[in-house]
Amino acid sequence: MNDWYRNFANSGVGTTITRQLGLPRPAVLRRYEPGQPLLPGPAVVGSAAAGRLADRLTALLQDAGVPVQSLGTADGPEDGERPAAVLLDATGLTGPADLAGVHAFLAPAVKRLRPSGRVLVLADPPAEAATPAQAAARQALDGLVRSVAKELRGGSTANLVLVPAGAEEALAAPVRFFLSGRSAYVDGQQVTVSAPVAPAVQDEERPLTGKVAVVTGAARGIGAAIARVLARDGAHVVAVDVPAAGQALAGIANEVGGAALQLDITAADAASRLVEHLRERRYAGVGPGVDIVVHNAGITRDKLLVNMDADRWNTVMTVNLQAQLDLTQALLDADGLLRPAARVVCVSSQSGIAGNRGQTNYAASKAGVIGMVRAWAPEFAGRGATINAVAPGFIVTEMTASMPVGTREVGARLNSLQQGGLPVDVAETIAWLAQPASGGVNGQVVRVCGQSLLGA
Ligand SMILES: NC(=O)c1ccc[n+]([C@@H]2O[C@H](COP(=O)([O-])OP(=O)(O)OC[C@H]3O[C@@H](n4cnc5c(N)ncnc54)[C@H](O)[C@@H]3O)[C@@H](O)[C@H]2O)c1
């Protein structure tokens, strides 16, 4: 979708005017295209004195064909080509004094970062620290990374990955995601990895080859983008939407070479119909079953709490939360239908984290999704599967295009990237969580919000 202001701010005259007036200058983000290298330039890798991940990180980058400029020390990186990414292994900190080395490495390295660059810090989880001083140093990195993300310009992002001892195998998938154009609109976030049950090897170009994916609400908007991206990555997509959206649904299913299933996910027999459908078909040339489920269908019925009738409350709660619970439970109960190493991804919302005026019903339902995902994560891990949530911020859709220009512009600019995200940004994050290699990302909530200033 066309961002007229971003186009203007990046034009010759627009650059001059926005600079003189001190107006936001949103960059054109680096987004993923198949065949693209992981990074458009070299990476600089630094390590804290007792870091345990730097060698693994360097090997991973070299495997992905990324030139590693120098293994940084407290003196900072060598001169040379400007880096496309700055990575720091900040594990092994013992107390606040160790943070001086973190600052000494990051300051000169970040200064040289290219536009659409990436800052990625790896750290130990504060909750597992041995002493309060160690927990303080670990937690300090969270404030540091969020602030770096707010300082970066030119479409660059900064994120944090927490790696508990024993979860090192899980590192590759989040590192690749955060460096790639797939994470264009994920900024100022943190993800905690856990040891995957079965480490997976995948074809990085078509990581979802042979997988069957169900996507609800796939007829339009974000759901249609999810169907396209999953299919591009190799999945056979079963696109689900209400009968009233049947024509659009068929169009998307045809476009992605998948199947359409007309189903109101709130109908009393919705779960049994979905189970029956998946049992009867042999998608992707294998026996019945499903590998990826994306609970994307969702609605809003906004009113202030004091004016909200029971119907508005119940409808939103049923579509956005109860249906996700019921369909997931039915798939778990349908012996073997949800394949081992299944990936369930639930669409929540920034409103479910920050709250939003006029959206008590919607925010409650989307917060409920987060509670559900966290509660189910251990059971999923026990099956070698994962369940995660994505929480989109301001995403540019047909709906936002029809908002009054003032409201829309404020909504779109109030984040570190100074622009709204695109449906494809949410879809790329979901496709990453669905990858075989993402088995160590479980029970997480990943915001796709450009580091929104709302409920940051
Ligand atoms: N657009 C945003 O900025 C934004 C921000 C945060 C979260 N989200 C969430 O992302 C998801 C997709 O949003 P969108 O903007 O693409 O919305 P949309 O209204 O464009 O699409 C939602 C789709 O879900 C389908 N749907 C609704 N009720 C259904 C039901 N009972 N059974 C089957 N399908 C049903 C609709 O027919 C529609 O095709 C939603 O869960 C939404 O809450 C969107």
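Could you calculate the contour length gain from residue 201 to residue 82, that is, 0.36 nm times the residue separation minus the distance between their Cα atoms, to one decimal place in nm? Display every interim value, and only then the final one.
Numbers: separation 119, 0.36 × 119 = 42.84 nm, distance 3.13 nm.
Fully extending the segment from residue 201 to residue 82 adds 39.7 nm.
Wrap a convex hull around the Cα atoms of region 277-349, take a quarter of its surface area, and give that in square nanometres.
On the way: hull surface 24.0 nm².
The directionally averaged projection comes out at 6.0 nm².
What is the packing order of peptides 256-269, 350-363, taking the mean over residues of other C-beta atoms within 10 Å and listing the highest first? Let's see the in-between values first.
Details: 256-269: 17.2, 350-363: 20.2.
Final packing ranking: 350-363, 256-269.
Residue 28 versus residue 303, label points 7 Å from Cα toward the beta carbon: distance in nm?
4.6
How do 133-146, 206-219 rank on mean C-beta neighbours within 10 Å, highest first?
Packing order, densest peptide first, comes out as 206-219, 133-146.
So what's the projected area for the chain, the Cα convex hull averaged over all directions, in nm²?
It is 22.4 nm².
Given a Förster distance of 30 angstrom, what is the FRET efficiency for residue 318 paired with residue 281, based on the Cβ-Cβ distance and rounded to 0.05?
Given R0 = 30 Å and the Cβ-Cβ separation, E is 0.65.
By a straight-distance test (C-alpha under 25 Å), which lysines pair with residue 366 as possible cross-link partners, with residues fewer than eight away in the same chain excluded?
Leaving aside lysines fewer than 8 places away in the same chain, those within reach of residue 366 are 303.
Can you list residues whose amide H is under 5 Å from residue 259's amide H, if they're 5+ apart or on another chain and H is modeled 1.01 Å from N?
It is 237, 238, 239, by chain and number.
For the pair residue 4/residue 127, report the inter-label distance in nm, with labels modelled 7 Å from Cα in the Cβ direction.
4.7
For a quick protection proxy, order the peptides 119-125, 223-229, 425-431 by their average other-Cβ count within 10 Å, most packed first.
Those peptides, ordered most packed to least, come out 425-431, 223-229, 119-125.
Just tell me which lysines come within less than 20 Å, Cα to Cα, of residue 150; anything on the same chain fewer than 8 places away is out.
Partners within reach: 111.
I'd like the distance separating the alpha-carbon centroids of region 189-224 and region 416-433, in whole Å.
14
Using just the helices of the chain, give the 222 nm mean residue ellipticity in deg cm²/dmol: DSSP H runs with n ≥ 4 each add -39,500 (n - 2.57), and the total is spread over all residues, rounded to 500. Walk me through the intermediate numbers first.
Values: 16 runs with 170 residues, N = 456.
After summing the helix terms and dividing by the residues of the chain, the value is -11000 deg cm²/dmol.
Enter the angle in degrees (range 0 to 90, nearest 10) between the Cα long axis of helix 360-382 and the first principal axis of the Cα atoms of the chain, meaning the one along which they spread out most.
80
Sort all Cα-Cα distances of region 205-283 into consecutive 5 angstrom bins from zero, then give the percent of pairs in each bin up to the one containing the longest distance.
3, 18, 28, 23, 18, 7, 2, 0
For region 25-34, in order, what is each residue's ³J(HN,Hα) by Karplus, 6.51 cos²θ - 1.76 cosθ + 1.60 with θ = phi - 60°, in whole Hz (x at glycine and Pro)?
3J(HN,Hα) across region 25-34, in whole Hz: 10, x, 8, 7, 6, 7, 10, 5, 10, x.
Over region 212-448, what is the mean sequence separation of C-alpha contacts under 8 Å (at least six apart), divided by residue count, expressed as relative contact order in percent?
On the way: 460 pairs, mean separation 47.5, N = 237.
Computed over region 212-448, the figure is 20 percent.
Using a simple spin-label model with points 7 Å from Cα along the Cα→Cβ vector, what separation in nm is obtained for residue 329 and residue 17?
For residue 329 paired with residue 17, the spin-label model returns 5.7 nm.
Nothing charged except the Cβ atoms of Lys and Arg (+1) and of Asp and Glu (-1): what's the magnitude of the dipole of region 353-412 about its Cα centre? Round to the nearest 20 debye.
The calculation lands at about 140 debye.
Projecting each Cα onto the charge dipole of region 212-448 (Lys/Arg +1, Asp/Glu -1 at the beta carbon, about the Cα centre), which of 434, 405, 389 comes out farthest on the positive side?
Checked the options; the winner is 405.
Could you give the length gained on full extension between residue 405 and residue 454, defined as 0.36 nm per residue of separation minus the Cα-Cα distance, in nm?
Details: separation 49, 0.36 × 49 = 17.64 nm, distance 1.93 nm.
Here the segment from residue 405 to residue 454 would lengthen by 15.7 nm.
Pop the C-beta distance of residue 62 and residue 103 into the FRET formula with R0 = 25 Å and round what comes out to the nearest 0.05.
0.40
How would 313, 4 line up from fewest to most surrounding beta-carbon atoms within 10 angstrom?
Least to most surrounded, the residues fall as 4, 313.
Specify the angular offset, from 0 to 90 degrees and rounded to the nearest 10, of the alpha carbon long axis of helix 221-232 from the longest principal axis of the alpha carbons in the chain.
The helix 221-232 is inclined about 70 degrees to the chain.
Treating each Cα of region 31-192 as an identical point scatterer and ignoring solvent, apply the Debye formula and state log10 I(q)/I(0) at q = 0.12, 0.15 Å⁻¹.
Result of the Debye calculation: -0.45, -0.72.
In nm, what is the difference between 0.36 nm times the number of residues separating residue 250 and residue 267 and their Cα-Cα distance? Please list the in-between numbers first.
Working: separation 17, 0.36 × 17 = 6.12 nm, distance 2.03 nm.
Stretched fully, the residue 250-residue 267 segment lengthens by 4.1 nm.
Which one, 101, 85, 54, is farthest towards the positive end of the dipole of region 31-192 when Lys and Arg carry +1 and Asp and Glu -1 on their Cβ?
It is 85, whose Cα lies furthest towards the positive end.
At a threshold of 8 angstrom on Cα-Cα distance, excluding pairs fewer than six apart, so keeping six or more, what relative contact order does the chain reach in percent? Each step should come with its number before you reach the end.
Working: 1008 pairs, mean separation 67.6, N = 456.
Result for the chain is 15 percent.
Could you tell me how far the Cα centroid of region 265-292 sits from the Cα centroid of region 119-175, in Å?
One Cα centre to the other: 39 Å.
Read-outs throughout are calculated quantities, based only on the coordinates presented, and are distinct from any laboratory measurement. Since the structure is predicted, the reported quantities are computational estimates derived from the model, not experimental observations. No Cβ is skipped: glycine too gets one built from the backbone with ideal geometry, and neighbour counts run over all protein chains shown.
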